[in-house]
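Read through the structure below, which is laid out as structure tokens, and then see the notes.
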Amino acid sequence: MELKASIFCFFICINCLNGQKRSSHSRRDRNVLVIIADDAGFETQVYNNTVCKTPNLNALAAKSLIFKHAYTSVSSCSPSRSAILTGLPEHQNGMYGLHNTYHHFESFDEVQSLSKILNNSNIRTGLIGKKHVGPESVYPFEFEYSGEDYSILQVGRNITKMKELTQKFFQTQDERPFFLYIGFHDPHRCGHTHPEYGAFCEKFGNGEAGMGTMPDWKPVLYDPKDVIVPYFVPDTPIVREELSAQYTTISRLDQGIGLVLKELEAAGYSDNTLILYSSDNGIPFPYGRTNAYEPSTMEPLLVSSPLTTDRNGQTTEAFASLVDIVPTVLDWFNVSYPSYHIFGKTKDVELTGKSLLPLLHEEPTEGFDRAFMSQDLHEITMFYPMRALRTRTMRLIHNLNFRMPFPIDQDFYISGTFQDILNRTREGQPLHWFSNLQKYYNRPEWELFDLKEDPQETRNVAMEEQYSVILKDMKLQLLNWQNVTSDPFICAPWGVLQDAGAYKYNHQCMPLDNGL
């Protein structure tokens, strides 16, 4: 109760938390290209996967600072993309779950997204491919060809079409600087929406009967016996088949990135464009997407600046979060973050991320050593809020709805991987997995992992006395971050937040006496 009672008894200077500093550089003749893959992980040669061939990402990495410890702030598509484009965690910007169809989540109307800020700063904005966030008033792009209005297969997977749209953007570019956001739909699963094209749409556009063609795509096929099975995924023939299909779409993603970068160069913008490459969330396998573990939240991240080449091809030990993209881009353009409130709150919204540009010059001596994570839903039926903190050696996860079984999304449920796990479990066959369904479904309220001793997160040490001091400190850090980011779940599951009326200036957690 000591920790609970102290929730609102302290305040932290937000600038001390984020360490954000604006660059003094002029934004004239500066541009930004952000490339976001869909459910991509570390199946690239950049991150030591020797099987999946990614020559274009290799070339980009040679001109980039390579992050070994980059994390999404939420392992779900729309919430992650909202965090990338606002710099705010999903619970702060309002995109609690998926944007499409009956899920219908949207960010709060008052939120100032990156595209809106840049539009107001006379910087041209463009989006090609997967957007998956709303409303339009919060995420306006001057030039947009996205899955909101066009077939996502065409604008997000057809790399020839995406090349042509990139050409169109550059051909219509005026004298203003530009911010171009390209959201590839590869290597997302497609068995739920387009099963005719294969588990990962690996057959889409391959030239076979009924599959269509992409003139710029040269399909790369992989033998299932050659794929590298991640430690958190079962090693079975069905899983290997799915991984080989995933590899094929990653190779298509890589070729698409190569086409985009060639268009950038042909248009004459290579020498003044900051390039960032990452993905939105973990891969769509167990312990990946929609979870809060290491494989769920770790992301590839490449940052390439033509103006700072000192660390090209080097790796950094610095921690980064995808909420750092907004302050990084604003720093590049020398644009200030606006002052505003969300739904009548008394305090200004402030970014907790920080610019990554200083890291292109030298390795930081302090800071850049932790990452926070927040997730509430994925699909509308998947209410399983989690808050997490990753430090240099530890990961803490708070499962707020821990008395409910962990939910499974539609896309993953019908996958060959999950059906294989389900059938093997029902028939009592070996799973060839480091886990099992009961363990996967049923989780305690608090999970604490010593990643130095247990990198695969198999031993929860939250109840072990020797970790009690670390647990208390990490809980306090997590609570502080929830306070700074106005997390409406800050009192859950043991209390109710009162922050209006008589409590508008003195927020309180009121206990429920529910035994938690």
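The values are calculated or read from the model by the stated rules, or taken from the named source; none is laboratory data. Quick caveat: nothing in here was measured; it's all calculated off a predicted structure. Note that we place each Cβ from the backbone using ideal geometry, even for glycine, and neighbour counts take in every protein chain shown. Surface areas here come from the heavy atoms of the whole protein model, side chains and all, with no ligands, DNA or RNA. Shrake-Rupley method; radii C 1.70, N 1.55, O 1.52, S 1.80 Å.
Which of the residues spanning the range 124-142 are open to solvent by 10 Å² or more (accessible area, probe 1.4 Å) and closer than 24 Å to His188 by Cα?
Scanning the range 124-142 gives Lys130, His132, Pro135, Glu136, Phe141.
Restricting attention to the range 484-503, does a residue exist that is in a helix (DSSP H, G or I) and within 19 Å of Gly94 (Cα to Cα)?
Looking through the range 484-503, at least one residue is in a helix (DSSP H, G or I) and within 19 Å of Gly94 (Cα to Cα).
Taking the criterion of being open to solvent by 10 Å² or more (accessible area, probe 1.4 Å) and either small (Gly, Ala, Ser) or out of contact with any Lys or Arg (no Cβ under 9 Å at 6 or more places or on another chain) (or both), would at least one residue in the range 179-187 satisfy it?
no
Run down Ser279, Ser305 and say which single residue is closer than 20 Å to His185 by Cβ, of a type in the set (Gly, Ala, Ser) and either in contact with a Gly (Cβ under 7 Å, 6 or more places away or on another chain) or open to solvent by less than 10 Å² (accessible area, probe 1.4 Å) (or both).
When all the criteria are applied, what remains is Ser279.
At least 3 residues that are more than 30 Å from Gln314 (Cα to Cα) and among the polar types (S, T, N, Q) in each: list the helices (runs of 4 or more DSSP H) lying fully within the range 54-103 that qualify.
In the range 54-103, there are no helices (runs of 4 or more DSSP H) which contain 3 or more residues that are more than 30 Å from Gln314 (Cα to Cα) and among the polar types (S, T, N, Q).
Here is a list: Asn56, Asn100. Which entry is modelled with pLDDT under 95, in contact with a helix residue (DSSP H, G or I) (Cβ under 8 Å, 6 or more places away or on another chain) and in the same structural domain as Tyr287 (by the TED database)?
Asn100
Among the listed residues Lys161, Lys225, identify the single one that is of a type in the set (Lys, Arg), open to solvent by 20 Å² or more (accessible area, probe 1.4 Å) and over 28 Å from Tyr413 (Cβ atoms). I'd like the intermediate steps shown before the answer.
Working: Lys225 fails: over 28 Å from Tyr413 (Cβ atoms).
Going through Lys161, Lys225 in turn, the sole match is Lys161.
Go through the residues of the range 500-516 one by one and say whether even a single one is out of contact with any strand residue (DSSP E or B) (no Cβ under 8 Å at 6 or more places or on another chain), buried (at least 16 other Cβ atoms within 10 Å of the Cβ) and modelled with pLDDT under 95.
no
State yes or no: is Lys163 in the same structural domain as Tyr337 (by the TED database), in contact with a helix residue (DSSP H, G or I) (Cβ under 8 Å, 6 or more places away or on another chain) and in contact (Cβ under 8 Å) with a residue 24 or more places away in the chain?
For Lys163, the condition - in the same structural domain as Tyr337 (by the TED database), in contact with a helix residue (DSSP H, G or I) (Cβ under 8 Å, 6 or more places away or on another chain) and in contact (Cβ under 8 Å) with a residue 24 or more places away in the chain - is met.
Scan Glu447, Glu465 and give me the residue that is touching a Leu at 6+ places or on another chain (Cβ under 8 Å), modelled with pLDDT of 95 or more and on the phi < 0 side of the Ramachandran plot. Steps first, answer last, please.
Numbers: Glu465 fails: touching a Leu at 6+ places or on another chain (Cβ under 8 Å).
That would be Glu447, the only listed residue that is touching a Leu at 6+ places or on another chain (Cβ under 8 Å), modelled with pLDDT of 95 or more and on the phi < 0 side of the Ramachandran plot.
Can you report the number of residues in the range 104-129 which are closer than 20 Å to Asp38 by Cα and in contact with an Asp or Glu (Cβ under 6 Å, 6 or more places away or on another chain)?
Number of matching residues: 1.
Give me the pairs: first residue in the range 328-343 and closer than 20 Å to Val32 by Cα, second residue in a loop (DSSP other than H, G, I, E, B) and among the polar types (S, T, N, Q), beta-carbon distance under 6 Å, and six or more apart or on different chains, which are they?
Note: pairs meeting the criteria are Thr328/Ser355; Asp331/Ser23; Asp331/Ser355; Asn334/Ser23; Val335/Ser121; Pro338/Gln112.
Going by the structure shown, is Ser270 at negative phi, of a type in the set (Ser, Thr, Tyr) and under 22 Å from the mean Cα position of the chain (by Cα)?
no
From Glu362, Glu366, grab the single residue that is of a type outside the set (Gly, Ala, Ser), surrounded by fewer than 23 Cβ atoms within 10 Å (Cβ to Cβ) and either in contact with a Cys (Cβ under 6 Å, 6 or more places away or on another chain) or modelled with pLDDT under 95 (or both). Step through it out loud before you land on a result.
Values: Glu362 fails: either in contact with a Cys (Cβ under 6 Å, 6 or more places away or on another chain) or modelled with pLDDT under 95 (or both).
After ruling out the rest, the residue left standing is Glu366.
Which condition does Phe143 not pass, out of (1) in contact (Cβ under 8 Å) with a residue 60 or more places away in the chain; (2) touching a Gly at 6+ places or on another chain (Cβ under 9 Å); (3) not small (Gly, Ala, Ser), if it passes all the others?
(1)
Take the residues in the range 425-460 that are free of Cβ contacts under 8 Å to residues at least 24 places away in the same chain and outside any loop (DSSP other than H, G, I, E, B); name whichever of them is surrounded by the most Cβ atoms within 10 Å (Cβ to Cβ).
The qualifying residue surrounded by the most Cβ atoms within 10 Å (Cβ to Cβ) is Leu437.
Going through Ile84, Ile117, Ile123 one at a time, which residue ends up being among the β-branched types (Val, Ile, Thr) and more than 30 Å from Pro488 (Cβ to Cβ)?
Ile123 is the lone residue from the list that is among the β-branched types (Val, Ile, Thr) and more than 30 Å from Pro488 (Cβ to Cβ).
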